[in-house]
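Notes for the one structure printed next.
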Amino acid sequence: NASNGSDAAVNIFSRMSRLATKHGAINLAQGFPDFACDGALIECAAAALRGENNQYAPVAGLPSLRAAIAEKILSEMDVHVDPDQEITVTAGAAQAIFTAIGCMLCPGDEVLILEPAYDSYIPAILAKGGVPRIVTLKAPDFRINWDEVEHAVTPRTRVLIINSPNNPSGRVLNLTEINALALIAEKHDLLIISDEVYEHIVFDGKQHHSFLQHAKLRSRSFVVFSFGKTLHVTGWKIGYCVAPPAYTRKLQALHQYAIFSVNAPLQAGIAAYLGCHRGAWSLSDLFLPKRDRLRAGLVENGFTLCETQGTYFQLAEFSNVRNDLTDFEFADWLTISGGVACIPLSSFYSGMDNGKYVRFCFAKKDETIDIALSRLRRL
Ligand code: PMP
Ligand code: GLN
């Protein structure tokens, strides 16, 4: 995060991508696929651009896209969501989170965060005059002590932000943990922002349990998703937020002034694509071989691995490769001298030393992973 990076104004993903470009490194740092999305999606988007969808969409999002999202949620999760009252199309999950925090928080309100955490949460809280309250989870297993979580709650605590499958830890919350969280949320009347952007990437028989499927949690949650992740188009920056009608009204009251509405032709393109997509949305079969390809190569090259239950990120401990560097120094060194860019784990924490771990993204062509591994072999 900003306190650890060398340039406080530039986030870690921009910084490492820039460094990768400058030194010709394979970019396993910033999380984005380097392979093409489904050609049918491009055809749908192109058709929408050629059609009549080039003016403002409604604030909530195109009705056709909201209907398609409700349909997707029903078929995947067996949950009914009202497309007119509970769905807001957003400029990526990041804007959904920023706006949810913006519409619910008053200055001085506290927000509980489990670290490691995605880098946009704390700036959004601070922008609203809120106070982040951090519970730290430690590598390698990132176990959650729910008593510790509850102890961090104060009378000022208003919101809890949770992300599963988790970037960067790769952990997936199980039902026991979700029930423990629900008890705390109920007892202390907390709102929840559930960041579920990696909902379709889970491995080894693990299952993603959406907060939409948990009646008690659903009634107090903003649940956030990203088409960038699900459709391999991170640059489109389109996601959505599902929340109870009263929260959705508050969200849209701010959303209409923050952005008014999201890119209309791409919304129409996604709606058309969802309409003709049949079958499951799971991306596990796509990403599992990539995960295991990267893991095998990292182990061969001296790294020690954390378990990756979900997401397209792998955490690796590097002390057998270089024991003399911090994770920030190692990430710079690996990018500049090794030709492979990664992200230091400490960038997902508020300023403490978090050991010798870096994060690699495996949402890449097999050739890209192989080139990166061949470079590691030459270290
Ligand atoms: N949350 C998490 C955990 C993420 O990894 C990302 C993507 N980097 C986002 C939110 C933001 O998603 P989007 O690109 O759709 O805004
Ligand atoms: N979510 C992506 C990651 O974790 C990066 C998004 C961004 O660059 N802001 O790598």
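Please treat every number below as a calculation from the coordinates, not as lab data. Here the structure is a predicted model, which means the values were calculated and not measured. Virtual Cβ from ideal backbone geometry, glycine too; neighbours counted across all protein chains shown.
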task: Return the single residue from Cys306, Cys361, Cys106 with maximal mean-square fluctuation; model: Gaussian network over the chain, springs between Cα atoms under 10 Å.
output: Cys106
field: Rg to Rh, two decimals, where the chain supplies the alpha carbon set and Rh follows Kirkwood
entry: 0.96
- request: Work through the residues other than Phe318 whose Cβ is under 13 Å from its Cβ and net out their charges, Lys, Arg +1 and Asp, Glu -1.
  value: -2
- request: Please give, to one decimal in nm, the separation of the simple spin-label points placed at Asp34 and Lys216, each 7 Å out from Cα toward the Cβ.
  value: 4.6
- prompt: Restricting the count to DSSP beta bridges whose residues both fall in segment 39-276, what percent are antiparallel, rounded to a multiple of 5?
  reply: 30
message: How far apart, in nanometres, would the label points at Glu300 and Leu286 be if each is projected 7 angstrom from Cα along the Cα-to-Cβ direction?
response: 2.5
statement: the chain: relative contact order from alpha carbon pairs under 8 Å, six or more residues apart, as a whole percent, is 27
- request: Mind jotting down the distance between the C-alpha centroids of segment 189-214 and segment 49-115, whole Å?
  value: 16
task: Subtract the Cα-Cα distance of Arg18 and Ile42 from 0.36 nm times their separation in residues, and report this length gain in nm to one decimal.
output: 5.9 nm
query: Top mean-square fluctuation among Pro33, Pro245, Pro155, Gaussian network model of the chain, C-alpha springs under 10 Å?
result: Pro155
- request: Could I have the simple spin-label model distance between Val79 and Asp353, label points 7 Å from Cα toward Cβ, reported in nm to one decimal?
  value: 4.2
message: If R₀ is 25 angstrom, what is the calculated FRET efficiency for the pair Cys106 and Trp146, using the beta carbon separation as r and rounding to 0.05?
response: 0.40
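Estimate the FRET efficiency between Ala127 and Lys187 by the formula 1/(1 + (r/R0)^6), using the beta-carbon distance for r and 30 Å for R0, to the nearest 0.05.
Step by step, r from the Cβ atoms, then E = 0.60.
Beyond 20 Å, what percent of the Cα pairs of segment 133-269 remain? Spell out each step's value before the answer.
Details: 4869 of 9316 pairs.
Result: 52 percent of Cα pairs exceed 20 Å.
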statement: In this structure, among Lys290/Lys364; Lys128/Lys250; Lys138/Lys187; Lys206/Lys365; Lys138/Lys356; Lys22/Lys365, pairs with alpha-carbon gaps over 18 Å are Lys138/Lys187; Lys206/Lys365; Lys22/Lys365
field: DSSP H segments from the chain that extend 15 Å or more along their own axis, Cα-based, with Kyte-Doolittle mean of 1.0 or above
entry: 39-50, 92-104, 264-276
